1. Which residue, of GLY51, GLY93, is assigned to a helix (DSSP H, G or I), modelled with pLDDT of 90 or more and touching a Phe, Trp or Tyr at 6+ places or on another chain (Cβ under 7 Å)?
2. Specify the residue that is surrounded by the fewest Cβ atoms within 10 Å (Cβ to Cβ); the eligible residues are those in region 120-155 that are among the hydrophobic types (A, V, I, L, M, F, W, C) and more than 10 Å from ligand 2 (Cβ to nearest atom).
3. Output the qualifying pairs, or none if there are none: Cβ atoms under 7 angstrom, residues six or more apart or on different chains, first residue in region 137-153 and in contact (Cβ under 8 Å) with a residue 24 or more places away in the chain and within 21 Å of HIS192 (Cα to Cα), second residue away from ligand 1 (no atom under 16 Å from the Cβ) and part of a loop (DSSP other than H, G, I, E, B).
4. Kindly indicate which of VAL78, VAL88 is within 12 Å of ligand 2 (Cβ to nearest atom) and not in a loop (DSSP other than H, G, I, E, B).
5. Check region 183-192 and report whether any residue there is outside any helix (DSSP H, G or I) and of a type outside the set (Val, Ile, Thr).
Amino acid sequence: MQSRVITASVFAALLAVGCTTQEPKPMAAKDDKPALMTGASASMLANTCAGCHGTNGQSNGPATPTIAGMEADYLTEVMQAYKNDERVNTIMGRIAKGYSDEEIELMANALSKQSYMGMKQTSAGPKAQMGKKLHDNYCEKCHENGGTSVEDTPLAGQWMPYLQVTILDYLNGHNNPEKKMTKAIEKMVAEHPNMTMAQLAEDLSHYYASQK
Ligand code: HEC
Ligand code: HEC
């Protein structure tokens, strides 16, 4: 276990790195690699994420997702998408830009070796029931066993507020999932003319939160 002090200082340094594009810091010239990252081990790189994503990637939520135990390929892909402004985000774009491709791969490998632990959350019965129906019809094919399958990325037990925002982003066409997922989403929206996208995202997120 790393001490909290180390984690906090690494985190502070990371934030400073993430902010260089907006407020250049005298200490870090723009294309300088942060000294901190040079020679850093994979687990140390992953620990820089702990300030937000929790120790070992198990987030205390609710707007920050748990990232432990996801497939290394998925983690790499998502980090690259953040880095290249191809995935909506509030903060990860700035953070991902602070890392080289190699560092991202190292971190993804370290995180993928942790085990995913979903968070038990209170969800609303009727919303979760509707969410289950939606999931079974449109999502189960890939997010198997009620979204508990860890292949790529588990949905069950992921933080509800995070999922709601993320699903809504997909429904609004902001992110670029694989084509078949886009088709499933478009079909779901088309077949539920009486539900808003926000309602669809809310019901689905209640279902995934109940699946733990
Ligand atoms: C300042 C807080 C913060 C820090 C530090 C942080 N993250 Fe994030 N992360 C977030 C938030 C918030 C999101 C949701 C997307 C967004 O709004 O940016 C997120 C999303 C993600 C996702 C997407 C997960 C999914 O389910 O698709 C990955 C992967 C990720 N972060 C990896 C990392 C890694 C690796 C680090 C360390 C280098 C890191 N994050 C550091 C706050 C943070
Ligand atoms: C054809 C397969 C497929 C279908 C159908 C599908 N997905 Fe996905 N989904 C994926 C894959 C692959 C990823 C990971 C990478 C990506 O974004 O392409 C993903 C990622 C996600 C994520 C991001 C998870 C995270 O941790 O941020 C969410 C949320 C999601 N899917 C929700 C849904 C919902 C809700 C449905 C049903 C309406 C659905 N998906 C249908 C394949 C699918």
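1. GLY93
2. If we take residues in region 120-155 being among the hydrophobic types (A, V, I, L, M, F, W, C) and more than 10 Å from ligand 2 (Cβ to nearest atom), then ALA124 is surrounded by the fewest Cβ atoms within 10 Å (Cβ to Cβ).
3. Going by the 7 Å Cβ cut-off, there are no qualifying pairs.
4. VAL78
5. yes
The values are calculated or read from the model by the stated rules, or taken from the named source; none is laboratory data. Everything quoted here is computed from the prediction, not taken from an experiment. Note that we place each Cβ from the backbone using ideal geometry, even for glycine, and neighbour counts take in every protein chain shown.
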